[in-house]
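**Student:** Input: one structure, supplied below.
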Amino acid sequence: MEHVLLGVAAANTGFMAAWLTIAALDNVCHPFLNEKYAAQVMDMERMREEYPEAYEHVANRRLANSNAQKWFYWFIVFWELLAMATLWVGVLALVLAMFSLISPQTALTVALMGATLFISIWAGFLVAGNYFCYWFGHEGGQNTHFHMLHWGLGSILVIVAMIAIFTQS
């Protein structure tokens with residue numbers, strides 16, 4: 001049973017790692033795919049253009065400095081790469097634990113760290129997006145961030161449950 005649980009954790013962590021690998025590498029290799037939209041959110045461009053009455057009340061939040069926007073974009077990409085690497089290390093650790101080469105608790109702890117970094121990306125987008133009122137024109141992004149946050153939180157619950165099971169064994 002322990003091998004099955006570790007396999008499930010490895011697969012789940014691997015799916016998150018694979019998803020984030022594609023996203024992070026796209027952001028590195030093709031920054032124009034997301035950098036423009038991140039800048040639009042920070043500049044509050046769509047809100048300013050489409051909802052000027054609402055924009056008036058929160059215009060002071062606008063970040064129009066393109067250098068600052070680029071810095072924040074590349075910080076996010078760095079964070080994605082850190083989370084991606086930690087998730088892949090977690091997958092490797094879980095596979096090693098399946099073969100009793102490291103302890104299950106150690107492997108699950110690394111996977112938990114990766115999943116926490118994963119959800120921190122989406123929680124960060126939700127908090128920053130709320131600050132920049134991104135539901136005005138970027139609803140699809142907000143919806144995606146909620147889904148990704150839920151995926152990560154569900155994964156954390158599974159990993160924590162497994163830590164409890166392996167700690168009792």
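**Student:** How about region 155-169: which of its residues are under 18 Å from the mean Cα position of the chain (by Cα) and surrounded by 13 or more Cβ atoms within 10 Å (Cβ to Cβ)?
**Tutor:** Selection gives Ser155, Ile156, Val158, Ile159.
**Student:** For the list (1) assigned to a helix (DSSP H, G or I); (2) of a type outside the set (Lys, Arg); (3) under 30 Å from Ala39 (Cβ atoms); (4) touching a residue at least 60 places away in the same chain (Cβ under 8 Å), I need the number of the one condition that Phe146 fails.
**Tutor:** (4)
**Student:** Given Ala85, Ala64, which one is assigned to a loop (DSSP other than H, G, I, E, B) and open to solvent by 30 Å² or more (accessible area, probe 1.4 Å)?
**Tutor:** Ala64
**Student:** Another question about this same structure. State which residue is surrounded by the most Cβ atoms within 10 Å (Cβ to Cβ) when the search covers only region 35-56 and only residues that are closer than 10 Å to Tyr134 by Cβ and of a type outside the set (A, V, I, L, M, F, W, C).
**Tutor:** For region 35-56, the residue satisfying everything is Gln40.
**Student:** When residues of region 117-140 are filtered for being in contact with a helix residue (DSSP H, G or I) (Cβ under 7 Å, 6 or more places away or on another chain) and in contact (Cβ under 8 Å) with a residue 12 or more places away in the chain, how many remain?
**Tutor:** Number of matching residues: 16.
**Student:** Determine which single condition Ala23 fails, assuming it passes every other condition in (1) without any contact (Cβ under 8 Å) to a residue 12 or more places away in the chain; (2) among the hydrophobic types (A, V, I, L, M, F, W, C); (3) in contact with an Asp or Glu (Cβ under 7 Å, 6 or more places away or on another chain); (4) surrounded by 12 or more Cβ atoms within 10 Å (Cβ to Cβ).
**Tutor:** (1)
**Student:** May I pose another question? Report yes if Val4 is open to solvent by 40 Å² or more (accessible area, probe 1.4 Å), touching a Leu at 6+ places or on another chain (Cβ under 9 Å) and under 30 Å from Ile163 (Cβ atoms), otherwise no.
**Tutor:** Considered against the rule, which asks whether it is open to solvent by 40 Å² or more (accessible area, probe 1.4 Å), touching a Leu at 6+ places or on another chain (Cβ under 9 Å) and under 30 Å from Ile163 (Cβ atoms), Val4 comes out as no.
**Student:** Consider region 149-169. How many of its residues are over 23 Å from Leu81 (Cβ atoms) and touching a residue at least 24 places away in the same chain (Cβ under 8 Å)?
**Tutor:** The number of residues fulfilling the criteria is 8.
**Student:** Of (1) farther than 30 Å from Met162 by Cβ; (2) surrounded by fewer than 18 Cβ atoms within 10 Å (Cβ to Cβ), Gln69 satisfies all except one. Which?
**Tutor:** Only one criterion in (1) farther than 30 Å from Met162 by Cβ; (2) surrounded by fewer than 18 Cβ atoms within 10 Å (Cβ to Cβ) is unmet by Gln69, namely (2).
**Student:** Next up: Can you pull out the residues in region 97-117 that are out of contact with any Pro (no Cβ under 9 Å at 6 or more places or on another chain), part of a helix (DSSP H, G or I) and open to solvent by less than 60 Å² (accessible area, probe 1.4 Å)?
**Tutor:** Pro104, Ala107, Leu108, Val110, Ala111, Leu112, Gly114, Ala115, Leu117
**Student:** Assuming Ile121 fulfils every condition listed in (1) open to solvent by less than 30 Å² (accessible area, probe 1.4 Å); (2) assigned to a helix (DSSP H, G or I); (3) at pLDDT below 95 apart from one, which condition is it?
**Tutor:** Condition not satisfied by Ile121: (3).
**Student:** Also: Go through region 57-73 and give me each residue that's touching a residue at least 40 places away in the same chain (Cβ under 8 Å), within 18 Å of Asn34 (Cα to Cα) and not hydrophobic (A, V, I, L, M, F, W, C).
**Tutor:** Hit for region 57-73 is Tyr73, nothing else.
The values are calculated or read from the model by the stated rules, or taken from the named source; none is laboratory data. This is a predicted model, so every value here is computed, not measured. As a convention, Cβ positions derive from the backbone with ideal geometry for all residues, glycine included, and neighbour counts pool all protein chains shown. What goes into the accessible areas is simple: the full protein's heavy atoms, side chains included, and nothing from ligands, DNA or RNA. Shrake-Rupley method; radii C 1.70, N 1.55, O 1.52, S 1.80 Å.
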